[in-house]
Amino acid sequence: MNDTQAPVWITSPGSLNRTIQCSDATGLTNAQALAPTASDNCTVNLTPVKTTGSFVTGSCPQSGTYTNTWVVSDDCGNTSSVYTQVITIVDTQAPTLTPPADITIYKDAQCNYDAAPAITGSASNVVDNCDPNPSVSHFDNPGFVFNPVNGDVNHGNGYSFPFVVRGMDGLTAADIKSIMLYISTNQELSSLEYTLISPSGQGIILVGPYCASCNPGNTGNFKPTFYPASSGYPKWNSSNLITDSNGNYTPSDGVSYVNPTPPELTAGYISKFEDFTGPMNGTWTLFAIKDGTSSGHGAFNGITLTPKLCNNSDIIVRSWTATDACGNTSPRYDQVIKVLDNTVPVWTSVASSLDVTIECNNVTGLAAAQAMQPVASDNCDKALVIKKTSGAFIPGTCPQKGTYTNTFTVEDNCGNQVATPFVQTITIVDTTAPVLSEAPADVTVECNAVPVAATLTATDNCD
């Protein structure tokens, strides 16, 4: 009697395959411990023989495969087909990091600054599940940037997209320099509405309000920038035909009539950025909604809110990310860098250089002296406005002489005021003697004919 039938595998093909995260050592051990089972028509105790495959790197060092194979033979030497197990190692976990702390730096004497990470700090605690050395990068924005993962606006119920502004202590919500909006649509713009809602619950319509009868506008990608009403830019309204991807506007000054009302809108609508109240810091919301009866859809792709600091100060929102060797990139971690000008102006005019002494009757000289003003310089502000406080005339030892004491101050456009006021003293003097009228001629008279004394007059430059 002969046995010519080879053993067969009971374990179904592929059932031992596993996909495991690169950091899951226990999972890999358990997968490597798996083994298929087989049966034979005659031999009861079968022992599969495993050939362990080495790790084959995939598209990155932390991913790849182990391919293990088994064969089994019965007591008569009949050998089974090869059973294959594939253990796939993947790395889908992004690194994490700790961004540097928010920081304030200051401009130097030339109005320059250095915001390099060596000065402002670098990311720390960069950790990845598998890659021991993830790469760290950063990019700078002029404001607070939010890009939603999914910004589709494709039905009429509305979507709320919250984002956080921080580090702007001392600013109010009205201190907006600009809002840049990134939107797209494959239908008319008049069917879309985008409302910005402050941390205090006030809302302002940037785009809209939508209406079915308005000019349909264009389709495509749009990047309008909105400024305070004081900018003088035109208002965006739902009947505008926007012909390119960029444009400068002020908010629409409208009141929405759509339902539902944004849940974050608790303090009503305002018409311009200057009307915002409450803090700049906190959670802002971009509420997007479309006319539910319109076909197509729109998309909110992002927003940049740039606060308004003084003219010679800046804000940098530095976004840090870490990427491992498998291309997994961490979420964005933001660091707020405020660049301020805290250098006070200085007087370039020498102290007392405007002091003058003038005769009391020199009206022209007094006017010229009063028109003088000192010169100041500043590291950043090249258009300083000097303010004068004119002093009243203070009489001296006689009514015609005395002093005017004028003081000057200067403040740059970041509110830095010169340390010491400049003082000008105008001294009024009277050094000219009066002049008598001509006396009568000498005469010789008899003792009993002495004439009455003549009355003389005198003139003076001031008295």
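Every read-out reported here was derived from the displayed coordinates using simple, explicitly stated rules and does not represent laboratory data. These numbers were taken from a predicted model, which means no experiment stands behind them. Using ideal geometry, Cβ is built from the backbone for each residue, glycine included, and neighbour counts are taken over all protein chains shown.
Find the all-direction average of the projected area of the Cα convex hull for the range 343-463, expressing the result in square nanometres with one decimal place.
Details: hull surface 42.7 nm².
One quarter of the hull surface, i.e. the mean projection, equals 10.7 nm².
Calculate, in whole percent, how much of the Cα-Cα pair population of the range 365-418 lies beyond 18 Å.
Numbers: 663 of 1431 pairs.
For the range 365-418, the share of Cα pairs beyond 18 Å comes to 46 percent.
Quick one: grab Rg to one decimal and Dmax as a whole number for the range 132-180, Cα atoms only, in Å.
Over the range 132-180's Cα set, Rg and Dmax evaluate to 15.9, 47 Å.
How large is the charge dipole for the chain, taken about the Cα centre, if only the Cβ atoms of Lys, Arg (+1) and Asp, Glu (-1) carry charge, to the nearest 20 debye? Before the final figure, lay out each step's value.
Working: 17 positive and 39 negative charges, 202 e Å.
For this selection, approximately 980 debye.
Just the Kirkwood number for the chain, please: inverse of mean 1/r across all distinct Cα pairs, in Å, one decimal.
Numbers: mean 1/r = 0.0322 Å⁻¹.
After inverting the mean inverse Cα-Cα distance, the result is 31.0 Å.
Please report the Cα spread of the range 8-90 along all three principal axes, rounded to whole Å, starting with the longest.
For the range 8-90, the Cα extents along the three principal axes come out at 46, 19, 16 Å.
I'd like to compare 139-152, 66-79: which one has the highest average count of other Cβ atoms within 10 Å, and what's the full order after that?
On the way: 139-152: 14.7, 66-79: 16.7.
My ranking of the peptides, most packed first, is 66-79, 139-152.
Please give the peptides 370-380, 348-358 ranked by average Cβ packing (other Cβ atoms within 10 Å per residue), highest first, as a rough proxy for protection.
Numbers: 370-380: 16.7, 348-358: 13.8.
Those peptides, ordered most packed to least, come out 370-380, 348-358.
Which three extents, in angstrom, do the Cα atoms of the range 256-411 have along their principal axes, listed largest first?
89, 50, 24
Hey, any idea what the orientation-averaged projected area of the convex hull of the range 13-170's Cα atoms comes to, in nm²? Show your work: numbers first, answer last.
Details: hull surface 73.3 nm².
Projected over every direction and averaged, the Cα hull of the range 13-170 covers 18.3 nm².
Only Cα pairs under 8 Å and at least 6 apart count here; give the relative contact order of the chain as a rounded whole percent. Write out the running numbers ahead of the final one.
Working: 1068 pairs, mean separation 71.8, N = 463.
Result for the chain is 16 percent.
Per-residue HN-Hα couplings for the range 139-151, Karplus 6.51 cos²θ - 1.76 cosθ + 1.60 at θ = phi - 60°, whole Hz, x for Gly and Pro?
Couplings: 9, 9, 10, x, x, 8, 10, 9, 10, x, 5, 9, x Hz.
Take peptides 220-232, 192-204, 7-19 and line them up by average Cβ neighbours within 10 Å, highest first, as a rough protection proxy. Present the calculation step by step, with values, prior to reporting the outcome.
On the way: 220-232: 16.6, 192-204: 23.1, 7-19: 14.1.
Top to bottom by mean Cβ count within 10 Å: 192-204, 220-232, 7-19.
Can I get the semi-axes of the range 323-368's equivalent ellipsoid? Compute them from the C-alpha gyration tensor as square roots of 5 times the eigenvalues, in angstrom, largest first.
On the way: eigenvalues 886, 20, 10 Å².
Calculated on Cα positions only, the semi-axes equal 67, 10, 7 Å.
Among 367, 400, 184, whose Cα sits farthest toward the positive end of the charge dipole of the chain (+1 at Cβ of Lys/Arg, -1 at Cβ of Asp/Glu, about the Cα centre)?
The residue sitting farthest along the positive end of the dipole is 184.
Going toward the positive end of the dipole of the chain, with +1 on Lys and Arg Cβ and -1 on Asp and Glu Cβ, which of 116, 328, 33 do you reach last?
Result: 33, furthest along the dipole toward the positive end.
Spelling out what I want: for every residue of the range 36-42, take phi, set θ = phi - 60°, compute 6.51 cos²θ - 1.76 cosθ + 1.60 (Karplus), and round to whole Hz; glycine and proline get x.
Calculated HN-Hα couplings, in order: x, 10, 9, 9, 9, 5, 10 Hz.
If you scale each eigenvalue of the Cα gyration tensor by 5 and take the root, what three semi-axes come out for the range 141-340, rounded to whole angstrom and sorted largest first? Spell out each step's value before the answer.
Numbers: eigenvalues 143, 89, 50 Å².
Semi-axes from the Cα gyration tensor: 27, 21, 16 Å.
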